[in-house]
Amino acid sequence: MRGSTLSLLSLVLAAGTLLVSNAEGKVHTETVVYKHGDTMLEGFLAYPEDTNRPLPGVLVVHDWSGPGPYAHHRAEQLAEAGYIAFAIDMYGQGVRPATTDEKAKQAGIYRSDRALMRARARAGLDVLLANPRADSKRVAAIGYCFGGGAALELARSGAPLVGVVSFHGNLDTPNPADAKAIKGKILVCHGADDPYVPPGQVSAFQKETKDAGVDYQFIAYSGAVHAFTQKEAGNDNSKGAAYNEAADRRSWQAMRDFFAEVFR
């Protein structure tokens, strides 16, 4: 599996290559086509253009909408902050659900098959680990909603991650004992009023990590519901998913502080 993934690292779509100007220099971005089994995948790589040394790497796992502008924007932000970031594709090239039902169905494929979820995320991680610009000893993963759950499952698989950050992500797992395989530290940024990740799921996660001796932080943002980092979610908390500017800003800074610790 790893061989098939790495053999396609050089297959880069020329149309996806550009330089984005920013206050800290230039960010290079490119679309990278890779493979998991027989499934073609399309990721998005971003890194500071003016660097000659290996950088800490961050895997970015999208929400249930699939790869797109939001995950790509987060990868660019990470590159601006000095990391090499790879926004992976969990669904497959061209699989981009549009409606709520389609998104739920697509995400459900992986939530009901955690082995597949872990393997698909690992295929993306292998691409990042193989990149010579990445410091393979300092790689973390972040994820949003569905992606937060996928990043945590990747950690539970024993993947070589020094840290994982979940933003309003799913915390449940069918095999809590797998937390013993987690190698790095965990940061969970959670909406205190999130109806989709209820208190029972939170307490189960905290028990799981405590029993496994995992070094974790759990931050609950008051007044925040699901999808609090996504402006596209609107501002109506009664819908269960809504943007919260303060929680978005605070959680991003919490991630920056967390990375300063795990990458040092």
(request) Might you let me know whether segment 179-195 holds any residue that is charged (D, E, K, R), buried (at least 24 other Cβ atoms within 10 Å of the Cβ) and under 16 Å from the mean Cα position of the chain (by Cα)? (result) no
(message) What are the pairs with Cβ atoms under 6 angstrom where one residue, in segment 70-90, is over 15 Å from Arg120 (Cβ atoms) and at pLDDT 95 or above and the other, located anywhere, is part of a helix (DSSP H, G or I) and not β-branched (Val, Ile, Thr)? Sequence gap at least six, or different chains.
(response) Ala85/Ala75; Ala85/Leu78; Ala85/Ala79
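Applying the selection to segment 172-204, what residues are hydroxyl-bearing (Ser, Thr, Tyr), closer than 18 Å to Phe146 by Cβ and out of contact with any helix residue (DSSP H, G or I) (no Cβ under 7 Å at 6 or more places or on another chain)? Reasoning before the result, please.
Residues of segment 172-204 that are hydroxyl-bearing (Ser, Thr, Tyr), as a first pass: 173, 196, 203.
Applying the additional criterion that residues be closer than 18 Å to Phe146 by Cβ yields 173, 196.
Within segment 172-204, just Tyr196 meets the criteria.
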(request) Being in contact (Cβ under 8 Å) with a residue 12 or more places away in the chain and out of contact with any strand residue (DSSP E or B) (no Cβ under 8 Å at 6 or more places or on another chain) is the filter here, so list the residues in segment 214-238 that pass it. (result) Ser222, Gly223, Lys231, Glu232, Asn237
(message) Here's a check for you: in segment 129-173, which residue that is of a type outside the set (A, V, I, L, M, F, W, C), touching a residue at least 40 places away in the same chain (Cβ under 8 Å) and within 16 Å of Gly184 (Cβ to Cβ) is surrounded by the most Cβ atoms within 10 Å (Cβ to Cβ)?
(response) Gly143
(message) I'm trying to understand the selection: among the residues of segment 160-181, which are out of contact with any Phe, Trp or Tyr (no Cβ under 9 Å at 6 or more places or on another chain), over 26 Å from Ala241 (Cβ atoms) and in a loop (DSSP other than H, G, I, E, B)?
(response) Pro160, Leu161, Asn175
(message) Just checking, does segment 86-109 include any residue being at positive phi and among the small types (Gly, Ala, Ser)?
(response) yes
(request) Count, please, the residues in segment 197-247 that happen to be surrounded by 15 or more Cβ atoms within 10 Å (Cβ to Cβ) and in a loop (DSSP other than H, G, I, E, B). (result) 12
(request) Give just the number: which of (1) in contact with an Asp or Glu (Cβ under 6 Å, 6 or more places away or on another chain); (2) of a type in the set (A, V, I, L, M); (3) closer than 20 Å to Ala81 by Cβ does Val225 not satisfy? (result) (3)
(request) Specify which of the listed residues (Ala140, Ala150, Ala115) is farther than 22 Å from Asn175 by Cβ and among the small types (Gly, Ala, Ser). (result) Ala140
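Let's see how each residue does on (1) within 18 Å of the chain's Cα centre (by Cα); (2) surrounded by fewer than 21 Cβ atoms within 10 Å (Cβ to Cβ):
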{"position": "His36", "(1), (2)": "yes, no"}
{"position": "Met40", "(1), (2)": "no, yes"}
{"position": "Gly43", "(1), (2)": "yes, no"}
{"position": "Tyr47", "(1), (2)": "yes, no"}
{"position": "Thr51", "(1), (2)": "no, yes"}
{"position": "His62", "(1), (2)": "yes, no"}
{"position": "Gly66", "(1), (2)": "yes, no"}
{"position": "Tyr70", "(1), (2)": "yes, yes"}
{"position": "His73", "(1), (2)": "yes, yes"}
(request) Would you tally the residues in segment 100-114 being charged (D, E, K, R) and surrounded by fewer than 18 Cβ atoms within 10 Å (Cβ to Cβ)? (result) 4
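The values are calculated or read from the model by the stated rules, or taken from the named source; none is laboratory data. As the structure is a prediction and not an experimental result, all values here were calculated from the model. Note: ideal-geometry Cβ built from the backbone for every residue, glycine included; neighbour counts use all protein chains shown.
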